[in-house]
Amino acid sequence: MDLLLIGLSRFAQRRVLPAAASIHDINKVDIVSSCADPVVLGRVPKLGTVYDDWNQALAAAGPSLVYVSLVNSLHATVVHRALQHGHHVVVDKPGLPDQHTAEHLVSLARESSLVLAEATCYSFHPLFSAVESILADLDAEITNALAVFTPPVPPDDWRWDRARDGGAIADTGPYAVSLGRALWGLAPECIDVVVNSRTADKLETSFSMLAGYPGGRAVVGQFGFTAVYQNRVRLMGKGFTIDVERPFSAPPDMAVNLHVRTGDQVFVHTVEPADSMQLFLSAVVAAVKRGTSDFSRPLLCDARALARLRRGASLSAP
């Protein structure tokens, strides 16, 4: 299988290309970029053809796996065209602009037996399996999760631009609405949101969320661009807490510590370094081989939840 990477973003350079290089079933990597640095291209493993136009690349490439890493406002158009050309598709989060578009493109992918996946890949990190193992030992279950994710976004970054579908809802909302799915395999029953800050043109830059799930479970969180960098989750249930370091973006070379408190006992469980993007892409490749649409359900679940989050944000002050 060949990989066609549309968009040579910083994230794609840092996470997607190294992951693709380590996957045996990916033979070569074609790239679409209108302003690719030759030095950067020279460091790309398995480099194939370099295009400057994504329409041309989609038409020229044989059936392959397309990874879309562009500004959010272009996702729907490029994903639609890639599916029309018979490609399997992975798209950066937020995958698609609204629930209707997500449902339409998932339907199109299923009709053509194509995989369509959103790269919300943090849940593929083995820290989640480690949490499950700890819970089994404690004979306990998680009832509440407290999350804080405030990644730094430079002032000149396009994510501050409404026209390109930037903002905290688009950038960190996918993490907020997917955490319950990652923990419990469930969609939220209700979502309440308070927007804490906006730009002059009303683009959300930080928000607080309360999402309710079946069985009285809940995710509470603070997300956005305006605070100092934080990336942590506290998992709670009867008689225990588990504090997780860097749950949403653990680097491939970093061991993740789980700080467990139960009664008067405290211990640390260390999860060995792992590349969640590599694990995610490997699962996508396996789904392509099996001819399954395993990734449709999480994409739709998160798209519907994100739509509810957006509606709540539109009604929130300031």
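The values are calculated or read from the model by the stated rules, or taken from the named source; none is laboratory data. For clarity, every value in this text was computed on a predicted model and none was experimentally measured. Because the Cβ atoms are built from the backbone with ideal geometry, glycine has one as well, and the counts that use them run over all protein chains shown.
Residue 154 - would you say it is surrounded by 15 or more Cβ atoms within 10 Å (Cβ to Cβ) and closer than 26 Å to residue 275 by Cβ?
Spelling it out, it is not the case that residue 154 is surrounded by 15 or more Cβ atoms within 10 Å (Cβ to Cβ) and closer than 26 Å to residue 275 by Cβ.
When you look at residue 33, is it crowded, with 17+ Cβ neighbours inside 10 Å and hydroxyl-bearing (Ser, Thr, Tyr), yes or no?
Considered against the rule, which asks whether it is crowded, with 17+ Cβ neighbours inside 10 Å and hydroxyl-bearing (Ser, Thr, Tyr), residue 33 comes out as yes.
How many residues are over 23 Å from residue 93 (Cβ atoms) and not hydroxyl-bearing (Ser, Thr, Tyr) when one looks only at the range 103-141?
Applying the first criterion (over 23 Å from residue 93 (Cβ atoms)) to the range 103-141 yields 111, 113, 130, 132-141.
Remaining after also requiring not hydroxyl-bearing (Ser, Thr, Tyr): 111, 130, 132, 134-141.
Here the count works out to 11.
Per-residue answers, yes or no, for (1) in contact with a Ser or Thr (Cβ under 7 Å, 6 or more places away or on another chain); (2) small (Gly, Ala, Ser); (3) modelled with pLDDT under 95; (4) buried (at least 16 other Cβ atoms within 10 Å of the Cβ):
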site	(1), (2), (3), (4)
229	yes, no, no, no
242	no, no, no, yes
245	no, no, yes, yes
273	no, no, no, no
281	no, no, no, yes
289	no, no, yes, no
298	no, no, no, yes
314	no, yes, yes, no
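Among the strands (runs of 3 or more DSSP E) confined wholly to the range 215-295, which include 3 or more residues that are more than 12 Å from residue 127 (Cα to Cα)?
217-224, 231-237, 256-262, 265-271
All but one of (1) surrounded by fewer than 18 Cβ atoms within 10 Å (Cβ to Cβ); (2) in contact (Cβ under 8 Å) with a residue 24 or more places away in the chain hold for residue 224, so report the exception by its number.
(1)
Is it true that residue 262 is β-branched (Val, Ile, Thr) and touching a Gly at 6+ places or on another chain (Cβ under 8 Å)?
yes
Listed here are the residues, each with its yes/no results for (1) surrounded by fewer than 23 Cβ atoms within 10 Å (Cβ to Cβ); (2) assigned by TED's automatic domain parsing to the domain that holds residue 222; (3) farther than 17 Å from residue 298 by Cβ.
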site: 115; (1), (2), (3): no, no, no
site: 140; (1), (2), (3): yes, yes, yes
site: 148; (1), (2), (3): yes, yes, yes
site: 166; (1), (2), (3): no, yes, yes
site: 171; (1), (2), (3): no, yes, yes
site: 187; (1), (2), (3): yes, yes, no
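I'd like to check which strands (runs of 3 or more DSSP E) are fully inside the range 19-82 and have at least 1 residues that are over 20 Å from residue 94 (Cβ atoms), touching a helix residue (DSSP H, G or I) at 6+ places or on another chain (Cβ under 6 Å) and basic (Lys, Arg).
none
Return yes or no: is residue 178 surrounded by fewer than 22 Cβ atoms within 10 Å (Cβ to Cβ), touching a residue at least 60 places away in the same chain (Cβ under 8 Å) and hydroxyl-bearing (Ser, Thr, Tyr)?
For residue 178, the condition - surrounded by fewer than 22 Cβ atoms within 10 Å (Cβ to Cβ), touching a residue at least 60 places away in the same chain (Cβ under 8 Å) and hydroxyl-bearing (Ser, Thr, Tyr) - is not met.
Only one of (1) under 20 Å from residue 307 (Cα atoms); (2) among the polar types (S, T, N, Q); (3) assigned to a loop (DSSP other than H, G, I, E, B) is not met by residue 205, so which one is it?
(3)
I'd like to check something: does the range 42-51 contain any residue that is within 25 Å of residue 170 (Cα to Cα), out of contact with any Cys (no Cβ under 6 Å at 6 or more places or on another chain) and touching a residue at least 24 places away in the same chain (Cβ under 8 Å)? Write out each step before concluding.
Here is the first cut: in the range 42-51, the ones within 25 Å of residue 170 (Cα to Cα) are none.
Among the residues of the range 42-51, not one is within 25 Å of residue 170 (Cα to Cα), out of contact with any Cys (no Cβ under 6 Å at 6 or more places or on another chain) and touching a residue at least 24 places away in the same chain (Cβ under 8 Å), which makes the answer no.
Kindly evaluate residue 129 against the criterion of being outside the structural domain of residue 201 (by TED's automatic domain parsing) and either without any contact (Cβ under 8 Å) to a residue 24 or more places away in the chain or within 22 Å of residue 204 (Cα to Cα) (or both).
No: the conditions fail for residue 129.
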